[in-house]
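S.K.: Dumping the structure here so I can ask a few things about it.
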Amino acid sequence: MSRPALSATTVALVRLAEAIAGGERDALAATARAAADAGVARSAVDELLLQSVLTVGWPRALVAAEAWRNVAGPASAGPRPPEPDTEVRRRGEATCRIIYGSSYDKLRDNVRALHPEFDDWLITEAYGRILSRPGLELKLRELCTIAQTAALDTPRQLHSHLLGALRSGASAGEIDATLDAIAPLLGSARHAAAAAVWAAVRAGIST
């Protein structure tokens, strides 16, 4: 049986996500243009750029934003009004629980042990202010994070976000198709490594 195909816009979005992580200017220019040509909503790419700060850091996110602005023009929206910190934290905790499921409490403990500020930033800044924003559904955010953690060769984070994609409503077929879509950009070694992590996730789910 053939795998369920991602929409053309989703393929273009996850390929752009991978290129952002790769940081190669020519690939960024090409995938940004392909995203525009495929009809990816400008607001969706703007959301990808914002969340990329979390995964790949400011330098590559800013380079990617420049590539996208060269294609799409000015940003689609200005800053939102400030929200109460309690609402940001509530939303961040809820989104993080979706992604991590039964591992949520363990994640918080582990991150807090690394540095208490990391835990606070994880919930308020990453999950509350960025990943819970409207403009890009959580499933698509997770498929893009799969593309980026595969490109960065960070298997533990890839493992977590493969599960997070499933918990956010992605099907196994959509994850297969995401890895297929980014394979030409990843190269054979990193694609094989990502596929091995995905196989381990699937084996764990089936046992």
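The values are calculated or read from the model by the stated rules, or taken from the named source; none is laboratory data. Predicted, not measured: the structure shown is a model, and the values here were computed from it. Cβ coordinates were reconstructed from backbone atoms using ideal geometry, including for glycine residues, and neighbour counts include every protein chain displayed.
S.K.: Would you check if THR55 is within 22 Å of TYR127 (Cβ to Cβ) and crowded, with 17+ Cβ neighbours inside 10 Å?
M.R.: The answer is yes for THR55.
S.K.: Can you find a residue that is under 21 Å from LEU6 (Cα atoms) and basic (Lys, Arg) anywhere in the stretch 153-175?
M.R.: Scanning the stretch 153-175 turns up at least one residue that is under 21 Å from LEU6 (Cα atoms) and basic (Lys, Arg).
S.K.: Looking at (1) surrounded by 17 or more Cβ atoms within 10 Å (Cβ to Cβ); (2) without any contact (Cβ under 8 Å) to a residue 24 or more places away in the chain, which one does ALA64 not meet, given that it meets all the others?
M.R.: That leaves (2) as the condition not met.
S.K.: Select from the stretch 197-207 the residues that are surrounded by 11 or more Cβ atoms within 10 Å (Cβ to Cβ) and within 30 Å of LEU28 (Cα to Cα) and list them in ascending order.
M.R.: Hits for the stretch 197-207 are VAL197, TRP198, VAL201.
S.K.: Taking the options ALA17, ALA41, name whichever one is farther than 14 Å from ALA147 by Cα, in the same structural domain as ALA181 (by TED's automatic domain parsing) and hydrophobic (A, V, I, L, M, F, W, C).
M.R.: Exactly one of ALA17, ALA41 is farther than 14 Å from ALA147 by Cα, in the same structural domain as ALA181 (by TED's automatic domain parsing) and hydrophobic (A, V, I, L, M, F, W, C), namely ALA41.
S.K.: Any chance you could count how many residues in the stretch 56-108 are part of a helix (DSSP H, G or I) and on the phi > 0 side of the Ramachandran plot?
M.R.: 1
S.K.: In the stretch 148-156, is there at least one residue being buried (at least 16 other Cβ atoms within 10 Å of the Cβ), part of a helix (DSSP H, G or I) and aliphatic (A, V, I, L, M)?
M.R.: Yes - at least one qualifying residue is present in the stretch 148-156.
S.K.: List every residue pair whose Cβ atoms sit under 6 Å apart, with the two residues 6 or more apart in sequence or on different chains, where the first one lies in the stretch 23-49 and is within 22 Å of ASP153 (Cβ to Cβ) and the second, anywhere, is among the basic types (Lys, Arg) and assigned to a helix (DSSP H, G or I).
M.R.: So the pair list comes out as GLY23/ARG60; THR31/ARG15.
S.K.: Output the residue which, of all residues in the stretch 120-147 that are free of Cβ contacts under 8 Å to residues at least 60 places away in the same chain and within 26 Å of ALA183 (Cα to Cα), is surrounded by the fewest Cβ atoms within 10 Å (Cβ to Cβ).
M.R.: Among those residues, the one meeting the criterion is GLU137.
S.K.: Let me ask something else about it. Condition first: assigned to a helix (DSSP H, G or I) and farther than 17 Å from VAL88 by Cβ. Now tell me which residues in the stretch 112-130 satisfy that.
M.R.: ARG112, ALA113, LEU114, PRO116
S.K.: Would you confirm whether or not the stretch 132-140 contains a residue that is among the acidic types (Asp, Glu) and assigned to a helix (DSSP H, G or I)?
M.R.: no
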